[in-house]
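Below: the structure, in structure tokens.
The values are calculated or read from the model by the stated rules, or taken from the named source; none is laboratory data. Because the structure is predicted, anything quoted here is derived from the model rather than measured. Backbone-built Cβ (ideal geometry, glycine too); neighbour counts: all protein chains shown. Please note that ligands, DNA and RNA were not included when accessible areas were found on the heavy atoms of the full protein model with its side chains. Shrake-Rupley method; radii C 1.70, N 1.55, O 1.52, S 1.80 Å.
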Amino acid sequence: MELLNPRNDFLFKRIFGSEENRDVLLAFLNRTFAEAGKPSLSEIILLNPYTEKDSPRDKQSILDIRARTTEGEIVNVEMQLFNKYDTEKRTLFYWSKQYSGQLQEGQSYSKLKRCVTINILNYAFLPNDLYHSVFHLREDRTAIELIDDIEIHFLELPKLDEQAVSLEKGGLVNWLLFLKGADQSKWEVLTMNEPVLKKAMDTLEFLSQNEEARRQYEDRQKYLHDEASMYEAAEIAAIRGRAQGKAEGKAEGKAEGKAEGKAEGKAEGKAEAKNEVARKLLALNVDLSVIAEASGLTEDEIKALKPLK
């Protein structure tokens, strides 16, 4: 039997974000926090448990996992199979929505609780060799923490070398090797000190044999691949636009003044790059809000780029 890829966000949420597997998520979170020197959790409440509404046919769905601790803190876990670029800005944007979304109108800021974001990345992102990086808000020189309300984890699967780690003591690395796609012949070793991990493996095996789950998985996998191609095309268009802007800036600078030409060329190049990104995404029938986020244009500016029928 060929196993499905647990890094597919639809499948990841089925395994870690369903009510019946809440203990699986709790065990994974506790291993993540333990490695960061944080106390373990005794219980969690799923805020958006997996339901049949989490259909892979909903192209704009974000299949993250949100949970609340007994102390009221919010934990958000998201699997990223492909690099959508601007990872750091996207992370802060979604963290800020989680944080600000806690307050109702008229409530005091003191009601705000700590929010933790855990990004599991199927690509290398940070310029270091760590597979687990943790960020907080601290003063540069003295490392004084301003507030403990922000905590961001990046778990980068490509940086995990299973030949260089010890599996005997258990821990987060065993969970990440499972997600990375460790061969089934190694599963017994991975679960030796991680008994709850066996439940995650059993769930993956069950879903891999389920015809409907496999069909939904394929739907989502196709969308994720299409989305990855879309972002790659947008990035290439942006790079070409910047290069064209520099070239035009230099040419105009020779004729009309170097400084003025560069400034105009860069401005025109940036504008054309944005337009090119938007045109490509329009051709793929991508939602206007997504195009606006990717290109930096307003929805009205994007609509103006649509060809007349």
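Structure data summary
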item: Subset of segment 15-29 that is under 15 Å from LYS198 (Cα atoms) and not aliphatic (A, V, I, L, M) - its residue that is surrounded by the fewest Cβ atoms within 10 Å (Cβ to Cβ); result: GLU20
item: Subset tally (residues that are at pLDDT 90 or above and open to solvent by 60 Å² or more (accessible area, probe 1.4 Å)) for segment 82-93; result: 4
item: Filter result (open to solvent by 50 Å² or more (accessible area, probe 1.4 Å), in contact with a helix residue (DSSP H, G or I) (Cβ under 8 Å, 6 or more places away or on another chain) and assigned to a helix (DSSP H, G or I)) within segment 178-205; result: LYS180, LYS186, LYS198, LYS199
item: Enumeration of residues in segment 103-127 that are among the polar types (S, T, N, Q), surrounded by fewer than 16 Cβ atoms within 10 Å (Cβ to Cβ) and part of a loop (DSSP other than H, G, I, E, B); result: GLN104, GLN107, SER108
item: Tabulated pairs, segment 87-112, first free of Cβ contacts under 8 Å to residues at least 12 places away in the same chain, second of a type outside the set (Asp, Glu) and in a loop (DSSP other than H, G, I, E, B), C-beta under 7 angstrom, 6+ apart or interchain; result: ARG90/LYS84; LEU103/LEU112; LYS111/GLN102; LYS111/LEU103
item: Residue check, LEU11 under 23 Å from GLU211 (Cβ atoms) and not in a loop (DSSP other than H, G, I, E, B); result: yes
item: Unique match (being surrounded by fewer than 16 Cβ atoms within 10 Å (Cβ to Cβ) and either in contact with a helix residue (DSSP H, G or I) (Cβ under 8 Å, 6 or more places away or on another chain) or at pLDDT 75 or above (or both)) among LYS262, LYS274, LYS303, LYS309; result: LYS303
item: Selected residue (criterion: modelled with the lowest pLDDT) from residues of segment 34-81 that are open to solvent by 70 Å² or more (accessible area, probe 1.4 Å) and of a type in the set (Val, Ile, Thr); result: ILE62
item: Pairs with Cβ under 6 Å, 6+ apart, first in segment 1-13 and under 17 Å from THR51 (Cα atoms), second among the polar types (S, T, N, Q) and not in a loop (DSSP other than H, G, I, E, B); result: ASN8/GLN221
item: Filtered residues of segment 128-164 (kept if of a type in the set (Ser, Thr, Tyr) and farther than 15 Å from GLN80 by Cβ); result: THR142
item: One residue from PHE154, PHE135 being open to solvent by less than 30 Å² (accessible area, probe 1.4 Å), among the aromatic types (Phe, Trp, Tyr) and within 22 Å of LEU41 (Cα to Cα); result: PHE154
